[in-house]
Amino acid sequence: MGVEREGAEGEGSVAEGLGQGGGSGVEPGPTFIMKDSETERKKLIDEAANIRAEVIALRRAPMIVSNSEIACFRRCPREHNYRYVERVEPIVHADALVRGRRIHEALANLWTGRDVSLDGLSPADRAMMRAYRAVHGPVWSLRDRMVANVPFRVELVAGVTLVGELDELGIDAERKEIIVEHKTTSSDVSPGSAYWRDVVTTNSQASAYCLAFPRATILWDALRKPTLRQLQANKSRREPESDEAYEQRCYEQLTSEPENFFARAKIVRLESELEAYKQDVRDVGNVIWTSWDGKAYRNPDACHTFGRPCDFFDVCWGSSTLDSPQFRRVEKNHTEQVADRYLNSIEIRAHKWKEVAK
């Protein structure tokens, strides 16, 4: 939302004043120009006041946000503007993101009792999935009671609604709700590590789940990636290591030290922590909604946050545009898509729980 300044009209007002002055034989003086400029200034002030009133009205309307959107805005307002305001997304996603989605799909299939395919996974990821099953055993009496990729929404405070999506939601043997959240990481997942300090205290997803499903058990399922690298040809090695040999080396590393690569924890939050989280979401949401002047600054410190250039790096730094073939405009941004999926999933989930209860 920006202030539309009709520059031509303003310039015409001054020009006409000069023309009238010339026709009467009176030279236009600085007092006359200052008077006209003051009129224009008041016009812009009134225009801005109207826009502020509109923003206030919007803030009183229901606000729908997601943790992904908030994280994006905190990371870089310019990226947020491209993804969530302009509704632009890259056509080709980063390799790491594609690999992560494939692993999550395999885990979802495993937990919900569907066939698990390792096709399309890298050798290290195939080893991780094989080791996961070897370490944790067969999955489990819960699998026919689980639903994958479950959208949810929860009103945090009056007028502020959060939407998101769970990896899996199910009913345990005691007929209580259980949420399973899978996370692949390169970080140390051993007890007491920085990874777990983040999850149990500050992680936004965990806080959202506690609010949306206050009676559910939240099981955080961490998988650390293998630390071995595939061997390449060099002076002492004539041929590069085959994918099969590399996969087996990774598998042996993961299964020989399972406590360093696979870990789970049940997540809880204190009431005070949840209140602080709600306040954070409301405050950031208000900042997003009041960014009404159309200015979204760049954050150069976030250009390589994930070890690769941001999807919009070339656009921000002038070598590409949002209209280039590498991007596409979508009808709805991620938050809006999740909100729609939530509405479409209610009936499906109700039917699933009805069947489970029989």
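Any read-out appearing in this document is the output of simple, stated calculations on the displayed coordinates, not a laboratory observation. None of the values given here were measured: they were computed from a predicted structure. In this analysis, Cβ positions are derived from the backbone assuming ideal geometry, glycine residues included, and neighbour counts consider all displayed protein chains.
Couple of notes before you dig in:
- Taken about its Cα centre, region 95-282 carries a charge dipole of roughly 160 debye when the Cβ of each Lys and Arg holds +1 and the Cβ of each Asp and Glu holds -1.
- The gain in end-to-end length when the Arg238 to Arg87 segment is fully stretched comes to 49.4 nm, 0.36 nm per residue minus the alpha carbon separation.
- Among Gly170, Leu118, Thr184 - extreme Cα towards positive end, dipole of region 107-186, charges at beta-carbon: Leu118
- Rounded to the nearest 20 debye, the dipole magnitude of region 112-209 is 200 debye, with +1 charges on Lys and Arg beta carbons, -1 on Asp and Glu beta carbons, and the Cα centre as origin.
- Cross-linked pairs Lys225/Lys266; Lys183/Lys295; Lys42/Lys295: Cα-Cα separations exceed 24 Å for Lys183/Lys295.
- Between the beta carbons of Gln248 and Arg114, assuming R0 = 25 Å, the FRET efficiency works out to 0.45 to the nearest 0.05.
- Gap separating the Cα centres of region 261-319 and region 166-231, nearest whole Å: 19 Å
- Distance between the 7 Å Cα→Cβ label points at Cys303 and Glu259: 4.4 nm.
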